[in-house]
Ligand SMILES: [Zn+2]
């Protein structure tokens, strides 16, 4: 056996095998904190915990030798991590443990991950979050960010976020629970931009940033809070107080990314004149930072909007106007005290921005993403993007890293992204550089070890399943063009009640390739079933089925609808020449579509399970049930066309007219035929029935001047 054969994740900085094995069942008599979750209280050799204040804060030394097991550390975190690693060894070797010595400590002090509750409003499920915390602790993650935005039961505000949101009691419970696993909870509430859900209620209509009177404030659809509106400020400060009371946090992340509307209304205009728009943002953050600092809390801010002060803004190219730059740089220098800036890049490294923030002496955390929301199933390819970012982070010696999860919904949830969280966590613990995937851990080793640590198996079916379904250049996704490899696959299943949409969205890519697609879909289905048997189910394994469910449904629906298309087209060709065959073809169409009804069962079951167990949006269930109902409507309509005078409408028109809301600008295509239909088939609504053209008279004024 070699050191590399040990299935420890993240792999320790130093391991020495001392040769030989000892038969023993280590135990701990009175376990501190959560150590008892990793070492049993019964056995034949008591684990010795040795205090050694010379060791680094989260470091530990683990010795297994003839007499037993010793774990040395300077603090609780190190003892906990020693116990976790011992547990991994017991899982691999049972009662016959290898004699060894491990010396380990983290490369980065701050190792964070984020779960997203806002953006499609994920209901709070305590059981899952606790399980997730244990998973993260094993990866030695020490900060868990909860992206709440405003989806939290703020006691000082009306119940604006709806039911089943995390409450202050939940927060206290989870903070205490996580503490035992050396994880600090960071609540994240976006106090500026990204507040569209929050601001979509009339109660807050006057709190929006209304840009330059562009729209009357009464009907504004702005998606940001005004930073200077006294009522908006009061609400933000009440919310921050609520978070402090419940979470007692070290950090509150206040967002501040992608702010599209700022500095344009009556409350902000004077300040914007004086400081520019970035200045309005900075002075708001300074105001909040001052308050949080007075309450002993660090302020977390996304970095992107601050990059307008850098020489080169990789984020959106926006640059601060020269005349505002000196004042803004002063504000930026003030802001860095008591603040952490999160330099986020989800598809690669960040040398330029990280250099900018480091030069400005900020505490920086590099934020990557599992990218689950953008993909059809979390792709292992994303681990390379995370790596590129963390190589830069570790090169610049920043405080640490964060791996974010965003937009859980339409079949996707953070639970599916374990391997990408694990890769990021291992990179932050062990380090990563240009020569290694993770220091002391090749990509292959990482995959096998993470599989063993999480699912207790050496059978690679699950890893193969993820590769087959998620590799951007794999056989399956190669069938789809770049803009349709990702979330659009899940959307065509979970995001519509229009039964034709799955065909319309996928036939362009799959026409003539259905045989090839079928082979890939079969393979992922077989791999999933194999993985289901070999992997230990912690109660959430079924969530990983998303790719098999989605592609299984798409395959069946597109194949059946393509057959239907053939009959429908044949019917159209003989409509005015052979009435009998016309009717027969339409009957065939209806019978063909009938066979599709069963195809809705697996995705409906999946979506319902995801809602119940992970709190994922319930609308997917309703949409799929709606699609099934609308399939019956489609069948009735096809049969009705038998006796109809009208030429068969093109399939794409049926989709829009029967199930969608038409979006034609001037008129609804063949409007007269839909108006003359009866009952449920009568359609007359057109969403953009007329539009307002913006009239720009400035050039007229110019011409007038010159007259
Ligand atoms: Zn304003």
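Sorting 556-563, 17-24, 369-376 by their mean Cβ neighbour count within 10 Å, with the most densely packed peptide first, gives 369-376, 556-563, 17-24. Would you mind pulling out the separation of the Cα centroids of the stretch 466-484 and the stretch 128-184, in Å? When both Cα centres are located, 34 Å separates them.
For the stretch 477-660, the Kirkwood hydrodynamic radius from C-alpha pairs, put into Stokes-Einstein at 37 °C and a viscosity of 0.692 mPa s, yields a diffusion coefficient of 186 µm² per second. Percent antiparallel among DSSP beta bridges with both residues in the chain, to the nearest 5? That works out to approximately 35 percent antiparallel. Based on a Kirkwood Rh over C-alpha pairs, give the Stokes-Einstein translational diffusion coefficient of the stretch 110-455 at 4 °C and viscosity 1.567 mPa s in µm²/s. Translational diffusion coefficient: 63 µm²/s.
Hey, what D do you get for the chain in µm²/s if you plug the Kirkwood alpha-carbon radius into Stokes-Einstein at 10 °C and 1.306 mPa s? In µm²/s, the coefficient rounds to 56. Among DSSP beta bridges lying fully in the stretch 3-104, give the percent that are antiparallel, nearest 5. About 75 percent, rounded to the nearest 5. Ordered by the count of other Cβ atoms within 10 Å of each Cβ, fewest first, 554, 675, 472, 391 give 675, 472, 391, 554. As a length-normalised measure over Cα pairs under 8 Å and 6 or more apart, the relative contact order of the stretch 250-299 settles at 44 percent. Mean separation of Cα pairs under 8 Å and 6 or more residues apart, divided by the residue count, gives the stretch 3-104 a relative contact order of 37 percent. Relative intensity of the stretch 575-682 on a log10 scale, I(q)/I(0) at q = 0.09, 0.17, 0.24 Å⁻¹, equals -0.32, -0.91, -1.30, per a Debye sum over C-alpha point scatterers of equal strength in the absence of solvent.
Panel order for 283, 379, 698, by other beta carbons found within 10 Å of each beta carbon, from fewest to most: 698, 283, 379. Of the beta bridges in the stretch 110-455, as assigned by DSSP with both residues counted there, near 10 percent are antiparallel. When 404, 268 are sorted by how many other C-beta atoms sit within 10 angstrom of their C-beta, beginning with the fewest, the order is 268, 404. Taking the Kirkwood radius as Rh and the Cα radius of gyration as Rg, the stretch 332-402 has a ratio of Rg/Rh equal to 1.04. Using just the C-alpha positions of the stretch 127-206 as equal point scatterers, what log10 of I(q)/I(0) does the Debye formula give at each q in 0.19 1/Å? Treating every Cα as an identical point scatterer, log10 I(q)/I(0) equals -0.85.
Readers should treat all values here as calculations from the given coordinates under stated rules, not as data from a laboratory. From a predicted model like this one, the values you see are computed outputs, not experimental measurements. Cβ: placed from backbone, ideal geometry, glycine included. Neighbour counts: every protein chain shown.
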